[in-house]
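Here's the structure we're looking at; comments come further down.
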Amino acid sequence: MIRSFGYNEFLFLLSAVQWTLALSAIAFLGGATVGLFVALGRTSTIKPVRLATTGYIQIFQGTPLLMQLFLVFFGATVLGFDINPWAAAALGLTLNASAFLGEIWRGCIQAVPRGQWEAGSALGLRYPGLMRYVVLPQAVKIAVPPTVGYLVQLIKGTSLAAIIGFTELTRAGQIVNNATFQPFLVFSIVAALYFLMCWPLSLLSARLEQRYAARSR
Amino acid sequence: MPVNYDFQFDAVLASWDYLLQGAWLTVQLSLGAMVIGLAVAILCALGKTSGPKPVRWLINAYIEIIRNTPFLVQIFLIFFGLPSLGLRMSPDVAALVAMVVNVGAYATEIIRAGIESIQKGQIEAGLALGLRPLQVFRYVVLKPALRTVYPALTSQFILLMLSSSVVSAISADELTSVANNIQSQTFRSFEIYIVVTGIYLVLAMMFSALFAGIQRLVFAYDLDRR
């Protein structure tokens, strides 16, 4: 039976927004945690660590996110885990985000002037203290605008979870479309909802970037 | 944890020709979208930096809408949505259109940044030498601008090639779609997708090499100066 697009359909899409946001939040938190280690590895003085993290980043940045999601989804079964689309999407997006955030944060760590590192070690700080008290606090300031900008990419990336069958906003749009056959209307609304999530972040990122550029001039 | 999985790559290798066909369409779609998208982006960047206000506003809206919505939703709108407005396309054409529309928005912003990096004195010098405005744009503004933003532009193009896997959602016959077809016939999901992921990695490296070659050919005067 064909339904027409009404208030209930709209509410269904709106409730799917929370899954998109939840998936984005998990991928961001997971990706940030792993990404910090990736960034530290990339800037490490130990060559094998640097090579391993460089390879990690290149593999994730050189292959499609969709393939990464497929590999996690089907790969978990190979390893004997019974994985649902929700966990597969969260894990896949976390790994992907960790590579991208790692590469962004590598740049931020390297942007901290060399003299700061030297001053820190001259004061007798070892690597953990040097990172914790001298380098990272300064790198964080530089990292905020591009990280907010990356959040937009991450939210958009969660739409691919629809393809492996997790019901977030895009999948909800497909479901509503299958029931109503009003693709132009349905996907316009879906696009508008994504826009409402992403645009404020884009504006914020641009503003933070300007403010940072003005301060460091 | 024991892994009792029996890897079988025979089914994948048996479909090797089919996979290569898919990879070839991925390359074609990507190259087509890069070339057309670059043209769109140059026009939009020109409009955004020196067009009348309504044009600038329209181009801005285009850029912000595309950059703040997922590619997958853009594909669905073009492939499923446009037919209801009377515009019907085959999956391959819809995929190309979606890719052009998408990369056009990102490339516009990149090229605009390049154009804005050209100093005003350069343009005035060009005009003083008797070049017509279009010639000034072509030789004095565009070429150095493209040289400046070339690395950003080409990494955007490689991202485009990778994101083309998403067009499998409307079953355009590119690499990911082919993989999905083989998967549904053989059920060797993991083997197929690991091979296809490898193919994408190789394609990304090939495009990188291609772009480096183009840089040496077209922007060689930059290398001479170093």
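The values are calculated or read from the model by the stated rules, or taken from the named source; none is laboratory data. Only a predicted model underlies this, so the values are computations on that prediction, with no experimental measurement involved. Cβ atoms come from the backbone with ideal geometry, glycine included; neighbour counts cover every protein chain shown.
Scanning region B:41-63 for residues that are without any contact (Cβ under 8 Å) to a residue 24 or more places away in the chain and either under 27 Å from B:Trp24 (Cβ atoms) or within 17 Å of the chain's Cα centre (by Cα) (or both) yields one hit, B:Leu43. Evaluate the following for A:Gly165: is it surrounded by fewer than 17 Cβ atoms within 10 Å (Cβ to Cβ) and free of Cβ contacts under 8 Å to residues at least 40 places away in the same chain? Criteria not met by A:Gly165. Scanning region A:55-74 for any residue that is crowded, with 19+ Cβ neighbours inside 10 Å, within 12 Å of chain B (Cβ to nearest Cβ) and of a type in the set (Ser, Thr, Tyr) turns up at least one such residue. Listed by first and then second residue, the pairs linking a residue in region A:139-154 that is among the β-branched types (Val, Ile, Thr) to a residue that is surrounded by fewer than 21 Cβ atoms within 10 Å (Cβ to Cβ) and not in a helix (DSSP H, G or I), with Cβ atoms under 9 Å apart and 6 or more places separating them unless they lie on different chains, are A:Ile142/A:Val112; A:Ile142/A:Ser216. Quick check on A:Glu118: is it assigned to a helix (DSSP H, G or I), more than 14 Å from chain B (Cβ to nearest Cβ) and of a type in the set (D, E, K, R)? For A:Glu118, the condition - assigned to a helix (DSSP H, G or I), more than 14 Å from chain B (Cβ to nearest Cβ) and of a type in the set (D, E, K, R) - is met. Looking only at residues that are among the small types (Gly, Ala, Ser) and outside any helix (DSSP H, G or I) in region B:55-92, which one is surrounded by the most Cβ atoms within 10 Å (Cβ to Cβ)? The qualifying residue surrounded by the most Cβ atoms within 10 Å (Cβ to Cβ) is B:Ser90.
Quick one: would you say B:Ala105 is out of contact with any Leu (no Cβ under 9 Å at 6 or more places or on another chain), part of a helix (DSSP H, G or I) and closer than 30 Å to A:Leu21 by Cα? Taking the combined requirement at face value, the residue satisfies it. Which of the residues belonging to region B:143-181 are touching a Phe, Trp or Tyr at 6+ places or on another chain (Cβ under 6 Å), β-branched (Val, Ile, Thr) and within 30 Å of B:Leu13 (Cβ to Cβ)? Those that are touching a Phe, Trp or Tyr at 6+ places or on another chain (Cβ under 6 Å), β-branched (Val, Ile, Thr) and within 30 Å of B:Leu13 (Cβ to Cβ): B:Ile158, B:Val166, B:Ile170, B:Val178. Residues that are buried (at least 21 other Cβ atoms within 10 Å of the Cβ) and under 26 Å from A:Arg207 (Cα atoms) do not occur anywhere in region A:110-132. The residue pairs whose first member lies in region B:196-213 and is in contact (Cβ under 8 Å) with a residue 40 or more places away in the chain and more than 9 Å from chain A (Cβ to nearest Cβ), whose second member is part of a helix (DSSP H, G or I) and of a type in the set (Ser, Thr, Tyr), and whose beta carbons are closer than 6 Å, counting only pairs six or more residues apart or on different chains, are B:Phe211/B:Thr154. Among the residues of region B:159-173, is any touching a helix residue (DSSP H, G or I) at 6+ places or on another chain (Cβ under 6 Å), in a helix (DSSP H, G or I), aliphatic (A, V, I, L, M) and away from chain A (no Cβ under 13 Å)? Within region B:159-173 (the criterion being touching a helix residue (DSSP H, G or I) at 6+ places or on another chain (Cβ under 6 Å), in a helix (DSSP H, G or I), aliphatic (A, V, I, L, M) and away from chain A (no Cβ under 13 Å)), the answer is no, since none of the residues qualifies. B:Trp16 satisfies every condition listed in (1) closer than 24 Å to B:Val178 by Cα; (2) touching a residue at least 40 places away in the same chain (Cβ under 8 Å); (3) away from every other protein chain (no Cβ under 14 Å) except (2).
Checked against (1) surrounded by fewer than 18 Cβ atoms within 10 Å (Cβ to Cβ); (2) in a helix (DSSP H, G or I), B:Val178 passes all but a single condition, namely (1).
Checking the conditions here, which among B:Met161, B:Met206 is within 16 Å of the chain's Cα centre (by Cα), surrounded by fewer than 20 Cβ atoms within 10 Å (Cβ to Cβ) and under 16 Å from B:Leu25 (Cα atoms)? Among B:Met161, B:Met206, only B:Met206 is within 16 Å of the chain's Cα centre (by Cα), surrounded by fewer than 20 Cβ atoms within 10 Å (Cβ to Cβ) and under 16 Å from B:Leu25 (Cα atoms). Figure legend. Inter-residue proximity from region B:84-95: first residues more than 11 Å from chain A (Cβ to nearest Cβ) and over 15 Å from B:Gln74 (Cβ atoms), second residues loosely packed, with under 11 Cβ neighbours inside 10 Å and of a type outside the set (Gly, Ala, Ser), beta-carbon distance below 7 Å, spacing 6+ or different chains. No pairs are indicated.
Can you tell me how many residues within region A:172-186 are closer than 23 Å to B:Arg67 by Cα and at the interface with another protein chain (Cβ under 10 Å from one of its Cβ atoms)?
Narrowing region A:172-186 to residues closer than 23 Å to B:Arg67 by Cα: A:172-174, A:183-186.
Keeping just the survivors that are at the interface with another protein chain (Cβ under 10 Å from one of its Cβ atoms) gives A:173-174, A:183-186.
Of the residues in region A:172-186, 6 are closer than 23 Å to B:Arg67 by Cα and at the interface with another protein chain (Cβ under 10 Å from one of its Cβ atoms).
Of all residues being modelled with pLDDT under 95 and either among the small types (Gly, Ala, Ser) or surrounded by fewer than 15 Cβ atoms within 10 Å (Cβ to Cβ) (or both) in region A:16-45, which is nearest to A:Thr94 (Cα to Cα)? Just the residue, please. This residue is A:Ser44.
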